[in-house]
1. Only residues that are assigned to a helix (DSSP H, G or I) and either within 13 Å of B:LYS190 (Cβ to Cβ) or facing another protein chain (nearest Cβ under 7 Å) (or both): list them for the stretch B:230-245, please.
2. Since A:ILE707 meets every condition but one in (1) under 20 Å from A:VAL53 (Cβ atoms); (2) crowded, with 23+ Cβ neighbours inside 10 Å; (3) more than 13 Å from chain B (Cβ to nearest Cβ), which condition does it not meet?
3. Do we find a residue being under 17 Å from A:ALA668 (Cα atoms), surrounded by fewer than 19 Cβ atoms within 10 Å (Cβ to Cβ) and not hydroxyl-bearing (Ser, Thr, Tyr) anywhere in the stretch B:220-237?
4. Restrict the check to the stretch A:686-694 and report whether at least one residue is within 12 Å of chain B (Cβ to nearest Cβ) and assigned to a helix (DSSP H, G or I).
5. Out of the residues in the stretch A:210-250 meeting the condition of being β-branched (Val, Ile, Thr) and crowded, with 21+ Cβ neighbours inside 10 Å, tell me which one is modelled with the highest pLDDT.
6. In the stretch A:671-685, how many residues are hydroxyl-bearing (Ser, Thr, Tyr) and more than 9 Å from every other protein chain (Cβ to nearest Cβ)?
7. Output the residue which, of all residues in the stretch A:698-739 that are out of contact with any helix residue (DSSP H, G or I) (no Cβ under 9 Å at 6 or more places or on another chain) and of a type in the set (A, V, I, L, M), is farthest from A:PRO755 (Cα to Cα).
8. Any idea how many residues of the stretch A:601-613 are away from chain B (no Cβ under 14 Å), surrounded by 24 or more Cβ atoms within 10 Å (Cβ to Cβ) and either in contact with an Asp or Glu (Cβ under 8 Å, 6 or more places away or on another chain) or not in a helix (DSSP H, G or I) (or both)?
Amino acid sequence: MTARLSTLTLLALLPSCAPWGWSTDSPDPGDAAWVRSAVPAVLGRRAANSSEVLALATIAERHGRQAVLELLYEQPEFAAHWSAVLIDDLMVDRSTANKWREHRRCFTEPLVDDHHDAALVSHLRNARADTCFDRQVEPILRTSLDVDELSRQLQEPPSSRLQNGSEAVGSMLEIAYSPGGAPSQSVELEVVPGTNPEHCTPFRMADVLRAAIRADGLDALYVAYLPVLATQAYRTRFHPVSESGQKFLATYLNRDPACTSCHSGMYSKTNTTKLHPDWDRTWPAEHALTGLMVDLEDAVFSSPVLAHGGYGPEGGAGVVFNTRGFLGYQPGSDFLPYGMDADCVDAGSYTSMPRDGTGGPLLYTALAGRPYGQATVHDVAEQYAAALRSLSTMRLQQSAYFSPPASGTRTANLDPAVHCEQACHSTSRTPDLSVVVPTLRDARLKQIIVEGPGEMGKPYGSLTLSPTDKDEVVAMLRQDYGATVGVPEDRDHALISLLAMRIAGNIWEEVQGAPLTLSHGQPRNEDQATVLQHLSRILVVDWSLRDVLDEILLSSSFRPTAPRDATVDPYHLEPVFEPYSDQPVQASDERNSRGDAVHRRSVHALLRGAAQALEWPVPDPIEEQSGSATSPRWQSAWTHHALGAFLSLGAPGVGRDTDLRWLLEWQALTSTCAPPLVTGPDYVDTLMQATPALTLGEAAVELKDRILNDRTLAEEERPALQALLGASLDTLVDPAQPSHEDALRAYCGALLQTPQFLLAGLDDVDDATQPEAPTPVCTAGPCDTDAWCTYYGDAAARLERPWSCGES
Amino acid sequence: MSDTSSPSTSLSRRRMLGLLAGSAAALSLSRAALADPPPPPQVLEIFLAGGLSHRETLWVYKETPDDQVFPHLGTTSTALPAFFQAGSSPGVDGGGTQVYLGPGARVIAGATAGTALHRARLVLTGHDLAPHGPASGLMVCGLPDGRDRQASLAAAVNANAGGHASIVLMGDRTSVQGQVFTRTGRYGAKYRPLVVSMASLRAKTLLTSSATSPRAQLDVVHAHADRFERALTWSGTRVRSHAADAYKASLADAREGRAAVSTLLGGVSTGQGANLTQDAILSAATLLKAGKVRHAAVVDGGSLSAGYDAHNDSADQSGAASAHATTANLHLDNVLQAVHASKVLDEGVLVLVYSEFGRWRPPGYGLSGSGHWPYSFPVLLLGADVTRGVTGSLDRTREPAGTPSGHVSPAGIRAVLAHYLGLGAPDPTTFGIWPDEAHPNSTFASLQTAVLGSPS
């Protein structure tokens, strides 16, 4: 248990809006079906075969599904897969047209051994940007020490524990309170790195990605990425529009000032008011201490133009130009932020990132709280770093936005009846004035209450007032409903809140296929808002990817059940997948069904899934366009983009669509099932060479197991299969017969195009027809169920968990 | 509303055939032409993504009646007097102001343009969505984002005609805007049109590639897809699933509709025009004239320089010269030259040219140039049964607040075009385009007149 987490678990549970209220009548598909869906969600690949499914299902049965997840998080594919996903989330430009060849090294070629992951996360969390990374410094904030042990250690001289001139300064804080109990102690530590350049270790974003996933600190990733964004701005400054500004708004805030005049956390307006007044709605973040809702946009942006949109009469087109030059910097010294490698923050000419700032205009001066023209990316980075650091010492204020429940008992401890009468669970679409007024500053209050934001009317009735009268109305509202609470001094926490919601939303979307917000960054309905805020609370506890994945994968929202139980209403799910179903065309549409949860897997999951099933190399997600001579498509950035990967702001990818063009791209990539690179025999070769020889039918079953985790050949499938193979299923595979290999590869290509492979959210495998003790054909690694049990048993032993799944 | 059309020159070929049918004159026409029913109506819509500065291109007027030139058109103004004297006006607006098509429409309105101007109509429309994304969704689909029945005309044609009766061709720099055409409401994933990027004819290449799946392989895939479909069926009812619908439709295209799609893509090629947008328009014309599609859409982002999304250089209210006028008119000229060269207007195809909004500088606008102006801007209709004229009056200030007079909503324009194409009544469980909200008190006949003009 880390020092940070141990502090949080002692906190009183504050009121929360987020009962994880998934339908209790959602049928559970059973452990095997859950494993078949959870493994791709965590690792980006299918289970290797039915034996791995059975082994993990047994562990789930004996020790719970959480135990399975803990084992999966220890697999090497976990960091590899989520690195690729996070690179998309960060909107890393993969377009070679933008001269970003050197960037590939930054994001794919690590410099630091993974043993230092915890130290790297600690460095990024705690060190200033003008320090370097000394991997010999103990990652003291990420040790396995509990609070008491850490406190004892701090009685010793810090220099005796830290090396190479670095030291840790610790102080005891009494900040945490257990429910009804006495204050507990916690520790604030500041790492003061050494100044000896010999100990500086350059690192790249590839290291940060891996470390943030393995050492479980996504906050470190987002701190490190800020100066990288700044470098992008410098290198692409010929670009007419500020890409870095747009990327920052998208990746850190999920807010577009073009949208915020009509859609903010406190206020959201549609243009259908006359016809459908109920469609004007919002589900803002709630201040858990005061019970008031919080205007996050207002707290984050000190500029009204940015906070409340640029398309009103005053704003004009200013937003576009206010983001130009965002995160710019000037050369002038040899400063490399956080000691990062020059491949990430410089291509060779990069020299400095001055603090005295002559950088970009409104956007980040607003963020950094500095006067116009006097803030730089360094200020923004410091803003984030300070805000993140503050979470370790300002738990109660942190809880103003998020109410971290106790680990492992999240769902049980959340009582929906305690609170949220007007915020999350209100059926009224426009919040009550007594709730809204104290959350707004005067200017925003005037805009919303009196004038009406943007061009879409006034939410609290139509008032025609003179300018003097408007001010008077504001004063009256203030008198009646109270002074401003919470803004703008809560900017740090608003920044973190928006970041947490962005990250949590991305994780949900990767797993569940559907976003929790619309393009303006706001949830579409109350259920989406509830899920988003709940996951954000989970995330901000320790910025743990695993905690959020646990919450999703163990919930009833992740039950890929095929509808075999006719007694269950098919539309029994909350409308988080298809959010528009709260505008029912038919009565049954008010909620979602499993059909709404069906989605195309992400491009990264598909590519990794195909590669690992067939023992092909996993394509580098930032590979150049050329690829290899044998299969240029496999590593082409353009192919990846055509299949959905982010390439650039102008080519963001096709999302999760599966139109004809997408299917043709996928077919071109996989239908021949030809090994993409010449790396030796693949799994089809293994089947061809199996001893004793397999029949074509047996080989087909092995392929299907590898690719779909299904060892059955249904009767209706057999005629088509036999036609494709061009021979009886009983024909023995002859390694000397090219037609046999062609036939098996054609079947392999077919399986890669099936909805069972491409789509997630619904598992249609009938476990009753699966063999109890499959004996798959393998060449390397664990193969049968016993071998997988041993494999995972060893992993459990490393985690010091007494888990087992085999007979022994 | 004004109508200055000349009946003798404003008839489309199809319409003339219809009028002559049964008369003696008709007997002199091709027997085959008269024996066959008239070809179904066709529409080519051209979406100028980015927000066309209409005051410099499609809606030019004099600040005062005595003005001899149009100073805000800037460098293009030197050649303007002769152009405007030649008669580049479709008419006067509802407020009595003579409106001219700008020099970018010279191929339509110039002295040598033939009769195209007699079948040109400007229809003022408006909405209140200023950001590009939502405005594009509204203008392309007629309904705002998120509505159950929101769908592009392309998708509606597919839903009505089955298969691929429509195609969307993207010129350069418009990949995001092109996605708007694939919107098909909550139930219409199977109706999505084929969207082809002219900059990358990957779909065409892929369809003819030996790497794509042979029929026998797709049969195996289909067997698995059938099983998946059964898993989506609860108590005999197949539940809603956009993702499964989209997959199923694509698989059907790849399996059964391969020839049709291949034929469609066969009509798309580059190198015909001076740039990708012209290629897209000429390809669309090829498909329309060959009867391969009922509807085609071309998305143009302004293929020649900075595109339509210009702020600082576009005309402001002071009448100062606009550097953007030159490039905006070049963009428009590029588009209309291709329309003219394609001869679709001679073939009775109705052409719609529009943008997601116009540009204007309202009082109090804090920056130079002009900004997005969704409240009042024109769309241009050409050819077919369109009669020359102007619908609506331009609201120059939007004060006092209110709907500018005589405008037709985006939904209304879509409804008329849907009716023109012969699309059936909308199915409430799928999607449709109908003026159920935009013009609740208008008769459909009056809406048709507003959009297409009075029939002669």
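1. Matches in the stretch B:230-245: B:ALA231, B:HIS242, B:ALA243, B:ALA244, B:ASP245.
2. (3)
3. no
4. No, there is no match, as no residue in the stretch A:686-694 is within 12 Å of chain B (Cβ to nearest Cβ) and assigned to a helix (DSSP H, G or I).
5. Per the criteria, the residue is A:ILE213.
6. 2
7. Within the stretch A:698-739, the match that is farthest from A:PRO755 (Cα to Cα) is A:ALA736.
8. Number of matching residues: 2.
The values are calculated or read from the model by the stated rules, or taken from the named source; none is laboratory data. All values reported here derive from a predicted model rather than from experimental measurement. Every residue, glycine among them, receives a Cβ derived from its backbone with ideal geometry; neighbour counts consider all protein chains shown.
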